[in-house]
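The structure appears below as structure tokens.
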Amino acid sequence: MRSAWKFFSSVKLAIVLIILLTLASILGTLVPQGRSAAEYAARYGGLSGLITGLRLTGLYQSPWYLALLLLFAANIVVCTVSRFRPKWRRAFRHVPDADAKTMAPMRASARFRLPPPLAAARDKVAGPLKARHYRLDGSAHDGKAVILARKRRLGWFGSDIAHLGLLVILAGGFTSGLGGRRADLALSEGQTADVPHAAFKVRLDKFETEYYPGGAVKDWKSTVTVVEAGAPVLTRVVEVNEPLTYRGVSFYQQSFGWDWSAARLVLDLRKPGDPAFSRAVALKVGERAAVDDPDVTHVAVRRFVPDFVIGEANRVQSRSDRPNNPAALVEAWKGEERVFAGWIFAKFPDFGQGHGTGVMPGKKPDAKAGAPKLAVVLKDYAAAPYSVLEAAEDPGANLIWLGCILVTAGFFLAFYWPPREIRVDLEESQGRVDVAAGGHAAKSREAFQTEFDSIFEAIRRPE
């Protein structure tokens, strides 16, 4: 039992645990948390298995991280308990008897005589001490008296209060780690979504993106309405670092994107053999639009990708949600005859126009088809933006805030509220009262010495 107590009360153990927790938290910051296995495989390649096996993808809920926190909590508790009783005795001990040995180690000291009687001398000593806000305890018997003056006694417990704050923060972290929930809500304007594990919904009324003059994103603003029991109850603007909190759920502005599945496109139809021919057609992805021309009766957009790239197995995919290389898979028809089929690119309008003979992607062109009958240009594209809100339920947040307040209070008491103690022994003999005084302070000893000298100068001064 003693060996276990000694192990958990070790300062070295605390230092090692703090280092391990710091390193682990750095890993948790560098490795994105809670993503899909495919995303980790794409990001880390062969290391993804090791990262997943070590639970770095869900670090703050992993057993080994929680075990480190429990060890750290046990270390704090044992260190606090083992040091608390001596501090309590020192701060609130009873007044000891007169003893010259007690005075010897005190740095501030004074010896002088006062006129009798003993009671009057004791009152004369007590006055200046009370004026300096010292709390006095005393005893008197057999012609002797002892005065123990103390102030700022809570300063002895600054480290204990800071330790208590750390324990409360750890409790809040456990509560949030085991009971917290987070979910991303992607909302288009006017769309309403259920909030997971909550009895209300949220609706996105408006989404705005502000830009710097250079084009970089400055801010995202989402006007959000909370809907409960079918009725709106609260409307707020959610910005980065300015969340909306309702019934314990906080909504943070996470990111934004575009709903490219319902993109609106503008196509420009041209005939290589007829420079005067030009038709602008507006339609959505998946729609078919009629064209007022005998050679082209209708066009259709089968697919749109904002950032075209050919991936594995020669499959077309989008590298990102950004319109870096927008492309559309388009078909044009003359009655039942397909006169154009292929990918067209907004930034490279001439690329791929050789498919205008009715050749579908993945098929070989017909050598007899001749020159393209139609050229299609992707003139414009637009999609409704959506806002990504993170709905976070953090049941331990209040505990963490309380712990931070306690830690701050503990540091204040430890560094800026140092306790001070003055002991005065009085002994009446042969028509005089001999006074021996001593004092000490945990910090700011020069300031205490100045205060000590000022107090006893006032006591020695004749009335």
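One table, with the values for the structure above:
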| quantity | calculated |
| --- | --- |
| Matching label, Cα Rg over 2.2 N^0.38 Å computed from the structure shown, candidates [x] 0.92; [y] 1.61; [z] 1.74 | [z] |
| At least 18 Å along the helix axis (C-alpha) and Kyte average at least 0.0, DSSP helices within the chain | 11-30, 63-92, 118-131, 158-179, 397-416 |
| Value of [θ]222 nm, deg cm²/dmol, for the chain, DSSP H segments ≥ 4, -39500 (n - 2.57) each, nearest 500 | -10500 deg cm²/dmol |
| List 381, 246, 211, ordered by accessible area with a 1.4 Å probe, largest first | 211, 381, 246 |
| Listed pairs 218/379; 130/443; 6/443; 201/221; 87/124 exceeding 26 Å between Cα atoms | 218/379; 6/443; 87/124 |
| For residue 298, distant residues with modelled amide H under 5 Å away | 291, 333, 335 |
| Tensor-based shape of the range 122-162 (alpha-carbon gyration tensor, a/c under 1.5 rounded, otherwise prolate or oblate) | oblate |
| For the range 274-327: span of alpha carbons on each principal axis (Å, largest first) | 40, 23, 21 |
| Cα gyration tensor shape of the range 48-166, rounded if a/c is under 1.5, else prolate or oblate by comparing a/b with b/c | prolate |
| Cut-off 14 Å between beta-carbons: net charge of the residues surrounding residue 60, Lys and Arg +1, Asp and Glu -1 | +2 |
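The values are calculated or read from the model by the stated rules, or taken from the named source; none is laboratory data. No experiment lies behind these values; they were computed from the predicted model shown. Backbone-built Cβ (ideal geometry, glycine too); neighbour counts: all protein chains shown. For accessibility, only protein heavy atoms count, side chains too; no ligands or nucleic acids. Shrake-Rupley method; radii C 1.70, N 1.55, O 1.52, S 1.80 Å.
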